[in-house]
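The values are calculated or read from the model by the stated rules, or taken from the named source; none is laboratory data. Just so we're clear, the structure is a prediction, and the values are computed from it rather than from any experiment. Counting neighbours? That spans all protein chains shown, and the Cβs are built from the backbone with ideal geometry, glycine included. Accessible surface is based on the protein model in full, side chains and every heavy atom, while ligands, DNA and RNA are left aside. Shrake-Rupley method; radii C 1.70, N 1.55, O 1.52, S 1.80 Å.
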Amino acid sequence: MTAEGIAAKHSPHAAQIPGLVWAFRIHANGSAEPLNVDEPVDLRGDGLLWLHFNLGDLRADQWLASADLDIPEAGKALLLSRDNFQQIHAAEESIYGVFSDLVRAIDRVTEETGYLHFVMTERLLVSGRHHALCAVDATRRVLESGQQRISSAAALLETIVEYVAETMERVAEEVGAKLDSIEEKILSDDSTDLRRDLGRLRRTCVRLHRQLSGLLLMFRRLDQQGPEAFKPALRLRAGKLAQRLDALDHVVVEMRERSRLLQEELHLKIEEQTNKSIHLLSVLTALLLPPTLVTGVFGMNTKGLPLTDVETGFLTASVLIVSSSALAYFIMKRFGILR
């Protein structure tokens, strides 16, 4: 180990941080250096430092509560809270808040909502989550690959928000493809078990709209303050982010309305099939009612029943049964009940 490394390790500002998921130091040229979370991290080094925590780890909460970080107390309190209300607060020297993202499983994006808590200053971005999130993980991967240069703390936060929008866009594309498939089945009268699928897709659209509308409101409010209210490193391109979120929200709202219309059309199809079944059952009942009446008459155990002493009585009764059904059929045909 070099003399500089030994000095950094024994610096009072260097310590192993519990609950730290990953850390990056972003240098002046925009390149990102991943830091080993199992080793002490110098909190006062050069460049921009990104610390990402698992807030479900109580040790991380305790460390953040007691650490001497150059962040406002209100931001630290929001970082450690379990608020699931999307919000952003801005001051001249810091920006902190909460915004939603989609929860990430091991191999896929889920439809569950998670929340990223963050505090950002010119030289530090501290973020945390209680569940694995898609956007921050995508940002981590792109920084590790060296494919993107980060010029400031604001650019790093913008990258995370861009990946939030990109993840939701992918989910929206999947929902759109599924709606196309369901529409084809409805038009081809194959409506088997589509109500549950449509309900799930509509619920996904509602969740996406709720998340996007919250994000959109946040960045519109931030854009109204103007860039001159912040230091250069904290000047988010809030207007650009709001435009992208607004466009995506319009797509999600259209799919939500489309899923609602498909649900209504599916219900009409199901009602039509039900009405056809009821109509068929009514016709069968009407055709069988006269023969039932004839058999009921001849089944009465009373004196004076006709055809009891006639050799061809059974044949005659059978003819009456068939004739009564034929008469009922003719009457229904005459009045347009049968088409």
For every helix of n ≥ 4 consecutive DSSP H residues, a contribution of -39,500 (n - 2.57) applies; sum these over the chain, divide by its total residues, and give [θ] at 222 nm rounded to the nearest 500 deg cm²/dmol.
-19500 deg cm²/dmol
With R₀ set to 35 angstrom, the calculated FRET efficiency between the beta-carbons of residue 246 and residue 277, to the nearest 0.05, is 0.15
Could you give the distance between the Cα centres of the range 112-145 and the range 274-327, to the whole Å?
79 Å
Under a point-charge model restricted to the Cβ atoms of Lys and Arg (+1) and Asp and Glu (-1), what is the dipole moment magnitude of the chain relative to its Cα centre, in debye to the nearest 20?
1020 debye
Could you tally the net charge around residue 56, taking each other residue with its Cβ under 12 Å from the Cβ of residue 56, Lys/Arg +1 and Asp/Glu -1?
+1
Contour minus Cα-Cα span, residue 265 to residue 189, at 0.36 nm per residue, comes to 26.3 nm
Rounded FRET efficiency, nearest 0.05, which uses the C-beta distance separating residue 220 from residue 16 and R0 of 45 Å:
0.65
Tell me, what HN-Hα J-couplings in whole Hz come from the Karplus equation 6.51 cos²θ - 1.76 cosθ + 1.60 at θ = phi - 60° for each residue of the range 71-81, using x for Gly and Pro?
10, x, 5, 5, x, 5, 5, 5, 4, 8, 7
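Pairs of alpha-carbon atoms within less than 8 angstrom and 6+ residues apart define the contacts here; what relative contact order does the range 58-189 have, in percent?
Dividing the mean separation by the residue count of the range 58-189 yields 17 percent.
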Length-normalised contact order of the range 185-249, Cα under 8 Å, at least 6 apart, in percent, tallies to 38 percent
Charges on Cβ only, +1 for Lys and Arg, -1 for Asp and Glu, centred on the Cα centroid of the chain; of 287, 96, 67, which one is farthest towards the dipole's positive end?
287
Among the range 235-263, those whose backbone N falls under 18 Å of a label point 7 Å along Cα→Cβ from residue 166 are 237, 240-249
Label point at residue 112 placed 7 Å out along Cα→Cβ; residues across the range 179-208 whose backbone nitrogen lies under 13 Å
none
dims of the chain, Cα set, principal axes, largest to smallest, nearest Å -> 126, 38, 34
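For the chain, what relative contact order do you get, as a whole percent, if you take Cα pairs closer than 8 Å and at least 6 residues apart?
Numbers: 458 pairs, mean separation 43.0, N = 339.
Once divided by the residue count of the chain, the mean separation gives 13 percent.
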Accessible area (Å², 1.4 Å probe, nearest 10) - residue 69:
20 Å²
Rounded to whole angstroms and listed largest first, the alpha-carbon spread of the range 182-267 along its three principal axes comes to 60, 17, 16
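Work out, step by step, the length gained on full extension between residue 286 and residue 316: first 0.36 nm times the residue separation, then minus their alpha carbon distance; give nm to one decimal.
8.6 nm
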Amide H neighbours of residue 17 under 5 Å, at least 5 residues apart or on other chains, H built in the peptide plane: list them.
41
